[in-house]
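These notes concern the structure reproduced below.
The values are calculated or read from the model by the stated rules, or taken from the named source; none is laboratory data. In this text the structure is predicted, and so the values were computed from the model without any measurement. Cβ placement follows ideal geometry from the backbone for every residue including glycine, while neighbour counts extend to all protein chains displayed.
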Amino acid sequence: MSRRRPGRTLLVGCGKLGIALGERLIAGDGEVTGMRRGTDGLPGVFGAIAADLRHPLPQVLPAFDSMVITLPPDTSGEPVYRRALTHLADALPSRPERVVFVSSTRVFEGRPGPQPLTEADAPAPRTARAAELLDGEAAAAELLGALVVRPAGIYGPGRDSLIRRVTGGVPVDHTRRTNRIHETDLVGLLEALLRAETPPALVHAVDEAPAPLGDVVAHIAMRLGVEPPPHAEPETGGGTVLDGSLSAELLGGLRYPTYREGYDELLSGRAAR
């Protein structure tokens, strides 16, 4: 697959994921601007725009070649995506050539089962949060021509909640089906979508090993030399299985194809500290 240059890239939201992507783009001679409510904490090599997309922007933004949108949900519980994306689109002098909107596999919460779901399968939101995500995907496509990425559970350095649950002996539903993606592979996938000449309109950011949660916590416990956490009562199971073939194809293979490689490295890092 031939490659395009991301050029001037606006990272909207620009939290931990956006910063990791921006640093990778800059290492490849890109130019990056981070946009979020407070710009403290952005790397000094980033341009910075302070903006609260809950409200119209008071000024027209500069032109950008690429844009990646990683907006968190509004803590007030109010719908945020369509309003924020409308304000963003209104402030841009022109639509960037490439826009990527980061959603979530949560949009499949109403389709539990063992059958692997691909990008061709229809979402089934069940909660207001999932319905808003799906509407955000639609708004991003309508207003900005965005590609959509749906990550599963993101883990990696600083994203070790499951390890802490194991060490704390917190009960978990061992029967629940789960999917995940290491942050490094997700960042690589976002960069690949910015660089691809003919990218897919939708991709599920998941690794190659969907697994029952019990298998994952048992592996972590074994590596830590502790007992696996107890079973939640009652165990309700559920959860989806997602096909990660397209992610792997776009990346030419994942750095962490399963949870085993990813958690083994995280646990090795904890032991070294």
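In table form, for the structure just shown:
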{"read-out": "Pairs with Cβ under 8 Å, 6+ apart, first in the range 100-116 and within 20 Å of LEU189 (Cα to Cα) and modelled with pLDDT of 95 or more, second surrounded by fewer than 20 Cβ atoms within 10 Å (Cβ to Cβ) and among the basic types (Lys, Arg)", "value": "ARG106/ARG129"}
{"read-out": "Looking only at the range 155-171, and only at residues there that are within 11 Å of ILE220 (Cβ to Cβ) and not charged (D, E, K, R), the one that is surrounded by the most Cβ atoms within 10 Å (Cβ to Cβ)", "value": "VAL166"}
{"read-out": "Members of the range 93-111 found to be within 16 Å of the chain's Cα centre (by Cα), closer than 13 Å to LEU143 by Cα and of a type outside the set (Val, Ile, Thr), listed by number", "value": "PHE101"}
{"read-out": "Criterion (polar (S, T, N, Q), over 18 Å from ALA209 (Cα atoms) and modelled with pLDDT of 95 or more) met by exactly one of THR175, THR167", "value": "THR167"}
{"read-out": "Evaluation of ARG54 against (1) within 23 Å of ALA89 (Cβ to Cβ); (2) assigned to a helix (DSSP H, G or I); (3) touching a helix residue (DSSP H, G or I) at 6+ places or on another chain (Cβ under 9 Å) (one fails), failing number", "value": "(2)"}
{"read-out": "Residue tally, condition surrounded by fewer than 17 Cβ atoms within 10 Å (Cβ to Cβ), part of a loop (DSSP other than H, G, I, E, B) and either among the small types (Gly, Ala, Ser) or on the phi > 0 side of the Ramachandran plot (or both), over the range 205-264", "value": "6"}
{"read-out": "Sole exception among (1) assigned to a loop (DSSP other than H, G, I, E, B); (2) in contact with a helix residue (DSSP H, G or I) (Cβ under 6 Å, 6 or more places away or on another chain); (3) of a type outside the set (S, T, N, Q) for LEU21, by number", "value": "(1)"}
{"read-out": "Selection count where residues are more than 20 Å from PHE108 (Cβ to Cβ) and within 18 Å of the chain's Cα centre (by Cα), scope the range 194-211", "value": "3"}
{"read-out": "Any hit, the range 84-100, residues being under 26 Å from ALA130 (Cβ atoms), surrounded by 15 or more Cβ atoms within 10 Å (Cβ to Cβ) and among the small types (Gly, Ala, Ser)", "value": "yes"}
